[in-house]
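To start, the structure under review is shown below, and the notes come after it.
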Amino acid sequence: MSATEQKIIDSASEIFLKKGKDGARMQEIADHAGINKALLFYYFRSKDRLFEEVFKNEVKTIITNIIDAISETDNFYDFLTQFVRTYLKFITPRRTLMRFIFWEISKTRGTITSYFWEVFNQRGYNENPIVSKIKHAIDSGQIRPVNPEHLILSLLGMCIFPLMAAPLIEDILRYKINLDDPAFLKKREKVIVDLIWNGVKPE
């Protein structure tokens, strides 16, 4: 990828994550990248094609950083803490993109899945590495026997749902969810880790 293409991708990522696909304008992206609009279209032809490239890069960034974080330890509690911390760190500023993923998932499911497995395979994993971590923790007695898939569902639900449905939750609970407040995210991290750990730790 050329320096100009990378500059376009970086600028487009910032604007797409802030305004979403529909709210972003190609002229704004070109201005942010410091190039003319014709050159932007020369490289990426259309907003859809540019968004697809940004989308792929952002999803791979999230996956790569999570794998990097969880591969550093075999201790399940440390793995759990690193997973939640990294997940919240990388999906919170990308929540516009996450909403798009869930909106488009029925149409792009195979594409999104391929991004995951492309990263997994590059790292030498033949199985989902999170499933492998849970199975290892069970076999080594670090956690009680649980269903790995249901544990992952619970873990992802705790991390993702508040980000996706913050306005609704605020109205129902009359509780402010400030996703831009580091203190709130730190507290959320601890709550998730404590809930999961207390549910799976050996008796």
Quickly run through region 181-203 and pick out the residues that are more than 16 Å from Lys89 (Cβ to Cβ) and either surrounded by 14 or more Cβ atoms within 10 Å (Cβ to Cβ) or touching a His at 6+ places or on another chain (Cβ under 7 Å) (or both).
Ile196, Trp197, Val200
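If a residue has to be of a type in the set (D, E, K, R) and touching a Ser or Thr at 6+ places or on another chain (Cβ under 7 Å) to count, how many in region 19-58 make the cut?
Step one: of region 19-58, the residues of a type in the set (D, E, K, R) are 19, 21-22, 25, 28, 31, 37, 45, 47-49, 52-53, 56, 58.
Filter again for touching a Ser or Thr at 6+ places or on another chain (Cβ under 7 Å), leaving 58.
Selection size over region 19-58: 1.
When the residues of region 23-38 are narrowed to those that are of a type in the set (A, V, I, L, M) and surrounded by 14 or more Cβ atoms within 10 Å (Cβ to Cβ), which ends up modelled with the lowest pLDDT? Explain how you work it out, then say what you get.
The first filter runs over region 23-38 and keeps only residues of a type in the set (A, V, I, L, M), leaving 24, 26, 29-30, 33, 35, 38.
Now narrow it down to the ones that are surrounded by 14 or more Cβ atoms within 10 Å (Cβ to Cβ): 24, 26, 29-30, 33, 35.
Values: Ala24: 89, Met26: 94, Ile29: 94, Ala30: 94, Ala33: 93, Ile35: 93.
Looking at the filtered set, the residue picked out is Ala24.
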If I ask for residues that are assigned to a helix (DSSP H, G or I) and free of Cβ contacts under 8 Å to residues at least 12 places away in the same chain, which ones from region 157-180 would you list?
Gly157, Phe161, Pro167, Leu168, Ile169, Glu170, Asp171, Ile172, Leu173
All positions within region 1-36 that are among the hydrophobic types (A, V, I, L, M, F, W, C) and either assigned by TED's automatic domain parsing to the domain that holds Ile91 or more than 19 Å from the chain's Cα centre (by Cα) (or both)
Met1, Ala3, Ile8, Ala24, Met26, Ile29, Ala30, Ala33, Ile35
Quick check on this structure: which one of Asn128, Asn121, Asn178 is within 19 Å of the chain's Cα centre (by Cα) and loosely packed, with under 11 Cβ neighbours inside 10 Å?
Asn121
Over region 181-196, the set of residues in contact (Cβ under 8 Å) with a residue 24 or more places away in the chain and either over 15 Å from Gly157 (Cβ atoms) or within 18 Å of the chain's Cα centre (by Cα) (or both) is Leu185, Arg188, Glu189, Ile192, Val193
Could you figure out which of (1) in contact with a helix residue (DSSP H, G or I) (Cβ under 6 Å, 6 or more places away or on another chain); (2) not assigned by TED's automatic domain parsing to the domain that holds Ile101 isn't true of Ile63?
(2)
Pairs returned, first residue in region 70-90 that is under 18 Å from His136 (Cα atoms), second residue that is outside any helix (DSSP H, G or I), beta-carbon separation under 6 angstrom, 6 or more apart or interchain, are Phe76/Gln142; Phe76/Ile143; Phe79/Thr73
Looking at region 144-156, which of its residues are free of Cβ contacts under 8 Å to residues at least 40 places away in the same chain and over 20 Å from Ile63 (Cα atoms)?
Pro145, Asn147
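The values are calculated or read from the model by the stated rules, or taken from the named source; none is laboratory data. In this text, all values refer to a predicted model and were calculated from it rather than measured experimentally. Here the Cβ is made from the backbone with ideal geometry for all residues, glycine too, and neighbour counts use every protein chain on show.
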